[in-house]
Amino acid sequence: MRIQTERKAGLKVGCQSYWSSHPLVVELERSTPGLSFVRDDCAGLFRRLEAGEVDYAFCSSISLLRNNDFEMAFPLGVSHRGPGHAAVWGLSNAQAHVLSYIHERTATLREQFRATQLAKTENLKQGIRSFRELFLATPVPRLELVPLMRMSTGSSSWSCLSRLLYRLIFGVDAYNSLVLAQNVLSSPQDLGDDGIELRIENDALQKRCSFPHVVDLAQVWREITGLPFVSTILQKNRRFPEVFAPSRFSECLELAQMRMQVEPCTYYPDILPRNTQQQAIDLCTLWKGLGYRLDHDDLRSLLIFLYFCKPLEKKSLEDEVFTLKMLRWQQRENALHSL
């Protein structure tokens with residue numbers, strides 16, 4: 001019955017028009033009949049999945065924290081496992097000294113992360129609590145001028161990671177001060193030469209050459225945690241009946257993951273995208289640093305990210321609901337680990 005329903009209505013999958021997900025979308029379009037894609041931005045996909053306009057959606061991972069009805073459909077998504085500059089902080093020459101500060105803080109945070117065994121502990125909630133206690137007890141080195149940054153609260157996981165890393169690197173006081181000052185930071189020009197600009201996905205690939213210095217956010221996350229960063233995950237809305245998904249769905253993504261590592265030119269568009277200096281964007285390096293089939297490390301990273309982000313979210317799941325949801329995810333993580 002489900003197969004007949006799918007053939008009649010077709011399977012609708014929401015996705016974003018990002019170069020990071022381009023190979024998987026191309027492979028699915030080539031190999032999966034009866035599949036149609038609905039393209040939208042992060043906020044648009046959230047609304048469509050919430051309303052049941054799509055059967056599945058490659059939504060930002062932070063959506064799992066903002067809607068209790070959203071669940072992982074399959075362990076599929078976009079995992080950033082190597083350098084690719086899919087999200088960057090852009091810094092001016094006047095901010096060159098901030099780079100060394102970021103490197104030093106990253107090293108300190110890495111030691112705190114290891115000390116609390118967050119990558120391995122079975123009691124993740126207690127591990128997060130221990131990390132926070134250690135983090136708050138460790139003085140943040142003084143920086144003469146803490147850089148400003150627009151604290152986006154948009155639907156992108158990169159925006160949430162940016163806020164989280166800012167808080168971890170520059171300290172709680174700096175973060176709280178910046179949150180209070182957001183009403184005066186209405187445009188990038190308000191930041192001046194002493195500010196940090198966040199650029200994500202296609203915009204980051206196109207404009208990062210405009211900055212004298214850039215910080216790769218996924219790379220910083222990996223240096224601190226030792227884990228990849230999962231920006232996107234295939235999600236479903238459990239309020240609506242699940243539509244049959246063909247077995248080829250998973251197979252196509254594994255094929256895309258393999259091909260983009262070995263022969264990425266398979267997915268090159270007819271006209272290569274260019275940056276603001278009219279140079280071809282290095283899609284090969286981007287794709288070789290990605291994974292689409294999420295493994296144990298990906299799910300552990302996702303759990304940690306959501307635990308860290310919850311206090312920073314104005315609207316998120318209630319504590320009890322969040323805890324139950326995270327327990328379900330940990331069970332999935334443990335199941336993958338035992339395979």
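Bear in mind these aren't lab numbers, they're just calculated from the coordinates by the rules spelled out. Given the structure is predicted, the values throughout are model-derived calculations rather than measurements. No Cβ is skipped: glycine too gets one built from the backbone with ideal geometry, and neighbour counts run over all protein chains shown.
Against the compact-protein benchmark of 2.2 N^0.38 Å, the Cα-based radius of gyration of the stretch 208-293 scales to 1.42. Its residue count N fixes a reference of 2.2 N^0.38 Å for the stretch 87-225, and the Cα radius of gyration divided by that reference is 1.06.
Each label point was placed 7 Å from the Cα along the Cα-to-Cβ direction; for GLU263 and GLN278 their separation is 3.3 nm. Against the chain, whose longest principal axis comes from its Cα atoms, helix 248-262 is set at around 50 degrees. Here the stretch 87-225 is treated with +1 on each Lys and Arg Cβ and -1 on each Asp and Glu Cβ, and its dipole about the Cα centre works out to around 480 debye. Relative contact order for the chain: 32 percent, from Cα pairs under 8 Å spaced at least 6 residues apart, divided by residue count. Comparing VAL88, PRO212, LEU168 along the charge dipole axis of the stretch 87-225, the residue lying farthest to the positive side is LEU168, per the Cβ-charge model.
On the principal axes of its alpha-carbon atoms, the stretch 14-90 has extents of 36, 33, 21 Å, going from largest to smallest. If you fit an axis through the alpha-carbon atoms of helix 296-309 and take the longest principal axis of the Cα set of the chain, what angle between them do you get, 0 to 90°, nearest 10? The answer is roughly 50 degrees.
Per residue, the average separation of C-alpha pairs within less than 8 Å and at least 6 apart gives the stretch 87-225 a relative contact order of 52 percent. Applying Stokes-Einstein at 4 °C and 1.567 mPa s to the Kirkwood radius of the stretch 67-115, computed over alpha-carbon pairs, gives a translational diffusion coefficient of 88 µm² s⁻¹. Rounded to the nearest angstrom and listed largest first, the equivalent-ellipsoid semi-axes of the chain from its Cα gyration tensor are 33, 25, 19.
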